[in-house]
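**Student:** Once you've had a glance at the structure underneath, I'll fire off some questions.
Values in this text are rule-based calculations from the coordinates and carry no lab data. All values reported here derive from a predicted model rather than from experimental measurement. As a convention, Cβ positions derive from the backbone with ideal geometry for all residues, glycine included, and neighbour counts pool all protein chains shown.
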Amino acid sequence: MGQRGESFDDMKVYGMPKVAAERDIPAVVVSPVCPETTTWIEELDALHSLIIHAVREYRVDPECIYLTGLSMGGFGTWHLAEKYPYLFAAAAPICGGALHEFGFLDRIHRIAHLPVWTFHGAKDDVVPIERTQILVDRLRQEGGNVEFTVYPEADHDSWTETYDDPRLMDWLFRHRNTEVDLYRKG
């Protein structure tokens, strides 16, 4: 998940579409473009439907569904994982956060079982690093399996360094969700 727009071509310069274009990865990459009039957090059920469609249409192994997104897509990653915690094998939100005013921190225990590797630039002036730090701290309090990488010199664009690092794909592909439930909500 990433930016807004009307064209998938806009997405090809960032994130997973760029990774898929540059490397031969053994995956079906679904990378929707968020409509201008909404946010990913408002589209969680539509995203879920898109994932279910991809699983059925492209014979995706349901134990190997991975979630990542940057900026607004990072927020969407946290929220989609929390709403459908048994759908994903691992999640990698980048320079995102969560909407705490809607009780997200009270529900974060729902993803304590989910491997999460999150990334943020220390100099991010668009989404302050504290938006990720509070989630990491709370998830650790809940016994969560979370790694947090901070790029000391990065600003909001912490995704370039993250997606350029082949360790991310290796980390994602190491995980399987043997308790997958495509429809169970948190």
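**Student:** Using alpha carbons only, what's the Rg to Rh ratio of segment 44-111 with Rh from Kirkwood?
**Tutor:** 0.98
**Student:** Please give the direction-averaged projected area of the C-alpha convex hull for the chain, in square nanometres with one decimal.
**Tutor:** Computed as one quarter of the Cα hull surface, the answer is 9.8 nm².
**Student:** Oh, and also: With just the Cα atoms defining each centre, how far is segment 14-51 from segment 97-137? Give it in Å.
**Tutor:** One Cα centre to the other: 20 Å.
**Student:** Continuing with the same structure: Sort the following peptides by mean Cβ neighbour count (other Cβ atoms within 10 Å, averaged over residues), highest first: 135-143, 53-61.
**Tutor:** 135-143, 53-61
**Student:** Springs between alpha-carbon pairs under 10 angstrom, Gaussian network model over the chain: which of PRO128, PRO26, PRO17 fluctuates most?
**Tutor:** For the chain, modelled as a Gaussian network with Cα springs under 10 Å, the answer is PRO26.
**Student:** Nearest 500 deg cm²/dmol is fine: what mean residue ellipticity at 222 nm does the chain get from its DSSP H runs of n ≥ 4 alone, each adding -39,500 (n - 2.57), divided by its residue count?
**Tutor:** About -10000 deg cm²/dmol.
**Student:** Under a point-charge model restricted to the Cβ atoms of Lys and Arg (+1) and Asp and Glu (-1), what is the dipole moment magnitude of the chain relative to its Cα centre, in debye to the nearest 20?
**Tutor:** I would put it at about 620 debye.
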